[in-house]
Amino acid sequence: MALGMGRRGPTGKPRYSIFALARNALSYHENWQAAWRSPEPKPSYDAIIVGGGGHGLATAYYLASVHGIRNVAVLEKGWIGGGNTGRNTTIIRSNYLWDQSAAIYEHALKLWETMSQELNFNVMFSQRGVITLAHSEHELREMRRRVEAIRLNGIDTEVLTAADIKKLVPIINTDPSIRYPVMGGFIQKRGGTARHDAVAWGYARAADDFGVDIIQNCEVTGFRRGADGAIQGVETSKGFIGAKKVGCVAAGHSAVLSEMAGFKLPIQARPLQALVSEPIKPCIDTVVMSNAVHMYISQSDKGELVFGAGTDSYNSYAQRGSLNIVEHLLAAAVELYPIVSRLRVLRTWGGIVDTCPDASPIISKTPVPGLYFNCGWGTGGFKATPGSGHVFADLVANGQPNAIAAPFSLERFRTGFLVDEHGAAGVAH
Ligand SMILES: Cc1cc2nc3c(=O)[nH]c(=O)nc-3n(C[C@H](O)[C@H](O)[C@H](O)COP(=O)(O)OP(=O)(O)OC[C@H]3O[C@@H](n4cnc5c(N)ncnc54)[C@H](O)[C@@H]3O)c2cc1C
């Protein structure tokens, strides 16, 4: 499978480099070329991607770079990266239990490892390791089993004792008498974080370089179908735009779009929140997750401690969540990392995540010929961004899913061949 490695677009944007930085410093950084154009939509395209998040932009980039389909538009109702892509806590890992999940997340992780070079855009991918804590004997036993399964798929992961964890995370409280004692855990050292906005901007710039039109403030309001039922294009806030292939990558709004197209998706849209503390000196150089308490922590390059929680328990399209989730998260954070009690919360926010019953994504053809959906990534799709875009571009280009995407088709909800990561990972970040 071609990865589209290192290809440059035909318009040949100047490369970002230390020399470009120095050259532009001489003119007070006033002469940088815009990273992407802001064109008006053409009457029609070979393919339209609905949703300018990381997944949609990656899809457009791989359609152009791998499949040579360059007459493509990405339609975004707001601004690119303004959805979950710019709101997530950026945890990246591939240590999933089931073979199908391991295949797609590891495919993505490999692409992360070369993304900055390929896009010529520093996405600040930092393989600082991701630790998952066990708070009970049962969880520890289950983790040992999971580690063996993950290793059978050739993915790096190791069991850790509580003492190992204390060494890696000195600020953690390993007192065995606390409510959620640290009994051990496991680590994926190749996991880590990246700069979320940069991922959207990097894919947008590289896709634009291939001639892809990125059209912001353009909401898709309906789908037009021909007499044969096949897709003919989309109705938008900027008028009708024609295309024989349409890929929807709209995360929390996927079910809204599928309703417009006349079918239902097995998706629930829920708020998911995160928050950051005021910035402090470096004190944690890895990511620590705790599924049992639905709390995870890392430190941003600016010094803020980044905290995430579980989803709200109700459906909503409001990009904010409830206070009880924040209270629960902070109670656990203060107990596990006592220094947190002296910090102030700087900012909280929420996104709308699209959760499937089996906590696995949908990458699929639909009942409408020419219309494809990529959604259902729920609380954990940022890590999949490059892999998801890569396999979805393949589906849109060829009309058939490749081996990595095939298990994630809508068909699985009819056949019962679910990829049930729900039981495997309480929180799927
Ligand atoms: C608080 C929070 C923390 C998270 N933490 C992590 C994490 O640590 N690790 C991880 O892997 N994942 C995490 N996630 C999940 C991750 O953010 C998402 O799975 C992923 O970013 C989805 O990317 P996307 O491109 O599909 O969606 P989005 O970035 O949401 O993009 C979809 C776009 O579609 C647009 N759109 C919707 N409807 C229309 C329409 N009708 N017309 C045109 N455009 C439309 C939206 O405006 C949006 O920009 C988190 C999510 C949240 C909210």
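Dipole of the chain computed with +1 at Lys/Arg Cβ and -1 at Asp/Glu Cβ about the Cα centre; of G185, Q400, W36, farthest Cα towards the positive end is W36.
Largest GNM mean-square fluctuation among M260, M289, M115, using the chain with Cα springs under 10 Å: M260. Under the convention that each Lys and Arg Cβ holds +1 and each Asp and Glu Cβ holds -1, the size of the dipole of the stretch 192-284 around its Cα centre is about 200 debye. Rounded, prolate or oblate for the chain? Axes are the square roots of the Cα gyration tensor eigenvalues, ordered a ≥ b ≥ c, and the cut-off for rounded is a/c under 1.5. Cα axes put the chain in the prolate bin.
Overall, the chain carries a charge dipole of about 600 debye about its Cα centre when +1 sits on the Cβ of Lys and Arg and -1 on the Cβ of Asp and Glu, all other atoms neutral.
Restricting attention to the chain, close to 75% of DSSP beta bridges with both partner residues there are antiparallel. Compute the label zone of L168 within the stretch 88-124: residues whose backbone N is under 17 Å from the point 7 Å along Cα-to-Cβ. Label zone hits: 91-97.
For the stretch 36-41, the Karplus equation 6.51 cos²θ - 1.76 cosθ + 1.60, evaluated at θ = phi - 60°, returns couplings of 8, 7, 10, x, 7, x Hz by residue, with Gly and Pro reported as x. Comparing D164, D358, D208 in a Gaussian network model of the chain where C-alpha atoms under 10 Å apart are linked, the largest mean-square fluctuation is found at D164. Of the trypsin sites (Lys or Arg not before Pro) in the stretch 313-402, the ones in a loop by DSSP (not H, G, I, E or B) with at most 11 other beta carbons within 10 Å are R344. On a per residue basis, the convex hull of the C-alpha atoms belonging to the stretch 42-164 measures out at 149 Å³.
Rounded, prolate or oblate, given the Cα gyration tensor of the stretch 185-229, with a/c below 1.5 counting as rounded?
prolate
Taking neighbour Cβ counts within 10 Å as the exposure measure, how do T157, T236 sort from fewest upward? It would help to have the intermediate numbers written out before the result.
On the way: T157 23, T236 20.
So the residues, fewest neighbours to most, are T236, T157.
Can you compute the charge dipole magnitude of the stretch 1-154 about its Cα centre, using +1 on each Lys and Arg Cβ and -1 on each Asp and Glu Cβ, nothing else charged? Give it in debye, rounded to the nearest 20.
300 debye
Note on Y337, Y314: ascending count of other Cβ atoms within 10 Å places them as Y314, Y337, the fewest first. Farthest towards the positive end of the charge dipole of the stretch 1-138, among the residues W79, G54, A108, is the Cα of W79, using unit charges on the Cβ of Lys, Arg, Asp and Glu. Stretching S316 away from R37 to a fully extended chain increases their span by 97.1 nm, per 0.36 nm per residue minus the current alpha-carbon distance. Length gained on full extension, R224 to C283, computed as 0.36 nm times the residue gap minus the Cα-Cα distance: 15.9 nm. Exceedance of the 30 Å cut-off in Cα-Cα distance is limited, within the set K13/K264; K264/K383; K77/K244; K245/K383; K42/K302; K110/K167, to K13/K264; K42/K302. Computing FRET efficiency as 1/(1 + (r/R0)^6) for K264 and F19, where r is the C-beta to C-beta distance and R0 is 60 Å, gives about 0.65.
Dividing the summed -39500 (n - 2.57) terms of all DSSP H runs of n ≥ 4 by the residue count of the chain sets its mean residue ellipticity at 222 nm at -8500 deg cm²/dmol.
Report the trypsin sites (Lys or Arg not before Pro) located in the stretch 162-262 that are in a DSSP loop and have at most 10 other Cβ atoms inside 10 Å of their Cβ, or state none.
Working: sites: K166, K167, R179, K189, R190, R195, R205, R224, R225, K238, K244, K245; in loops: R179, K189, R190, R195, K238, K244, K245.
For trypsin sites (Lys or Arg not before Pro) across the stretch 162-262 that sit outside H, G, I, E and B with at most 10 neighbouring Cβ atoms in 10 Å, the list reads R179.
Couplings 3J(HN,Hα) of the stretch 371-379, computed from phi: 10, 10, 10, 10, 6, x, 6, x, 8 Hz, in residue order, whole Hz [Karplus 6.51 cos²θ - 1.76 cosθ + 1.60, θ = phi - 60°; x for Gly and Pro]. Whole-Hz Karplus values for the stretch 319-327 come out as 7, 7, x, 9, 5, 4, 5, 5, 4 Hz, taken residue by residue from phi with 6.51 cos²θ - 1.76 cosθ + 1.60 and θ = phi - 60°; glycine and proline positions read x. Here D420 and S27 are evaluated by their C-beta separation; at R0 = 60 Å the FRET efficiency comes out at 0.60. Here the Gaussian network model covers the chain, with springs between Cα atoms less than 10 Å apart; of S322, S360, S101, S322 fluctuates the most. The H on the amide N of K245, modeled in the peptide plane, is under 5 Å from the matching H of I48, each at least 5 residues off or on a different chain.
Bear in mind that the values in this text are calculations on the coordinates, not laboratory data. Owing to the predicted nature of the structure, the values given are computational and were not obtained by experimental measurement. For neighbour counting, all protein chains shown are included, and Cβ atoms are generated from backbone atoms with ideal geometry for every residue, glycine included.
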